[in-house]
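First up is the structure itself, then whatever we jot down about it.
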């Protein structure tokens, strides 16, 4: 009864704090029926708030983004078009001027200047190639603004695999487009051209409040998805493959069993398993993870080691929440977290695999706090995984990321190297007040009778 009352009090306390947190940060909204209106609003706000910072931080005063009509561009959502030439000019103060040379705009009001003349094939019958007509008028437009540093959407340092995870970004314009641009703007401005790759990554990493509100709403749906899937489990009957999401468990020797394995695995007493699930649309996506323990015959509650691993997990959650802040690079944050984790008595493991050579008395922690949004961009990434540039990125205000970490806890009575494993995949936001959870993170290891 004492345990039950304690749990109830903790839940009530948490829910009260969560509601208050939502009120304090404004993280509450209803997903609108008109997604076009919403994405237009997000685009406008990002042009106003994210674009100036991204251009100035990357020392670019004109950004030229070229979209080929026959190749899906990774920024077609952000710019609201599927073809054309888009030019953003920074005059040093105030807002960024936005110009679109395009006949295909979702929201022309997002741009200060829309130039359609000469953009269609019928008005330029003498043009030998259809791709040429996209550059009509660009020379005059650029020379009138006389930029010193022109960023263009091609990659120099980065690679497609580095850019994103679930939805790979293309590596930019074609060689033909590059030559057409050089020929159009002339030698003086051609010498000012450089890659806009870092600007684009910073722009994609930026968030505005409407996106945060969607993040919250889809997180609540993801939590419902988890409840539904865990609710399906019947001991000795349910297979991992019967459950929706990323479903897996690790046995005490560290071997991972996954729902996609050819040999179906039936959940039995003593299993500690994880489900990662999500929800979203073409504008945003949210993820959430949960862990559950299946009681053995004769057990009425989780054994001590299951309760202990949760306690360790909550210590790590607090360390992460207190030390992830805006305006620090992901790499600096990772180094700080490694020191804090070590100081708290844990072993930081750069690999998500139990290290049998580490101190057998220490619980091992692995980190992979990567960004989450619509594009699949994984930077900034507070993690040893991925290329260096994702750690070199600054964590922006309203950074949305998966509060992802893994806990490997040794259980000496089971034998050398034997251990328990749980994983966390909560959604979080970096605000000016620190890390907040826009929807409840994993509330505890579920018990399945």
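The values are calculated or read from the model by the stated rules, or taken from the named source; none is laboratory data. Keep in mind that this is a model prediction, so the values were computed, not measured. When we count neighbours, we look across all protein chains shown, and the Cβ atoms used for this are built from the backbone with ideal geometry, even at glycine.
Is at least one residue of the range 83-101 in a loop (DSSP other than H, G, I, E, B), at pLDDT below 95, closer than 25 Å to residue 284 by Cα and outside the structural domain of residue 280 (by TED's automatic domain parsing)? Looking through the range 83-101, at least one residue is in a loop (DSSP other than H, G, I, E, B), at pLDDT below 95, closer than 25 Å to residue 284 by Cα and outside the structural domain of residue 280 (by TED's automatic domain parsing). Scanning the range 178-210 for residues that are part of a helix (DSSP H, G or I), touching a residue at least 60 places away in the same chain (Cβ under 8 Å) and buried (at least 21 other Cβ atoms within 10 Å of the Cβ) yields 181, 198, 199, 200, 201, 202, 203, 204, 205. Only a single criterion out of (1) out of contact with any helix residue (DSSP H, G or I) (no Cβ under 7 Å at 6 or more places or on another chain); (2) in the same structural domain as residue 83 (by TED's automatic domain parsing) is not satisfied by residue 269, namely (2). Only one of the listed residues (438, 380, 387) is assigned by TED's automatic domain parsing to the domain that holds residue 273, over 25 Å from residue 57 (Cα atoms), in contact with a helix residue (DSSP H, G or I) (Cβ under 7 Å, 6 or more places away or on another chain) and at pLDDT below 95. That residue is 438. Scanning the range 323-343 for residues that are over 19 Å from the mean Cα position of the chain (by Cα), modelled with pLDDT of 95 or more and under 24 Å from residue 257 (Cβ atoms) turns up nothing.
Of all residues in the range 375-400, those being without any contact (Cβ under 8 Å) to a residue 60 or more places away in the chain and not in a loop (DSSP other than H, G, I, E, B) number 3.
When each of 133, 113, 60 is tested for being modelled with pLDDT of 95 or more and over 30 Å from residue 35 (Cα atoms), the lone residue that passes is 60. Only one of 278, 290, 269 is modelled with pLDDT under 95 and in contact with a strand residue (DSSP E or B) (Cβ under 6 Å, 6 or more places away or on another chain); which? None of the others qualify; the one that does is 278. Residues of the range 213-244 that are in contact with a strand residue (DSSP E or B) (Cβ under 6 Å, 6 or more places away or on another chain) and over 21 Å from residue 276 (Cβ atoms): 235 alone. Once the range 211-224 is narrowed to residues that are in contact (Cβ under 8 Å) with a residue 60 or more places away in the chain and over 14 Å from the mean Cα position of the chain (by Cα), the residue that is surrounded by the most Cβ atoms within 10 Å (Cβ to Cβ) is 222.
On the basis of being touching a strand residue (DSSP E or B) at 6+ places or on another chain (Cβ under 6 Å), outside any loop (DSSP other than H, G, I, E, B), surrounded by fewer than 22 Cβ atoms within 10 Å (Cβ to Cβ) and assigned by TED's automatic domain parsing to the domain that holds residue 212, does residue 370 make the cut? Yes: the conditions hold for residue 370.
Given the condition surrounded by 21 or more Cβ atoms within 10 Å (Cβ to Cβ), more than 19 Å from residue 427 (Cα to Cα) and either in the same structural domain as residue 409 (by TED's automatic domain parsing) or in contact with a helix residue (DSSP H, G or I) (Cβ under 8 Å, 6 or more places away or on another chain) (or both), answer yes or no: does some residue in the range 334-348 qualify? Yes; the residues of the range 334-348 include at least one that is surrounded by 21 or more Cβ atoms within 10 Å (Cβ to Cβ), more than 19 Å from residue 427 (Cα to Cα) and either in the same structural domain as residue 409 (by TED's automatic domain parsing) or in contact with a helix residue (DSSP H, G or I) (Cβ under 8 Å, 6 or more places away or on another chain) (or both). If the condition is being at pLDDT below 95 and over 26 Å from residue 439 (Cα atoms), then the range 392-411 contributes only 392.
Within the range 250-266, the residues that satisfy the criterion of being surrounded by 13 or more Cβ atoms within 10 Å (Cβ to Cβ) and either outside the structural domain of residue 360 (by TED's automatic domain parsing) or touching a residue at least 40 places away in the same chain (Cβ under 8 Å) (or both) are 250, 252, 254.
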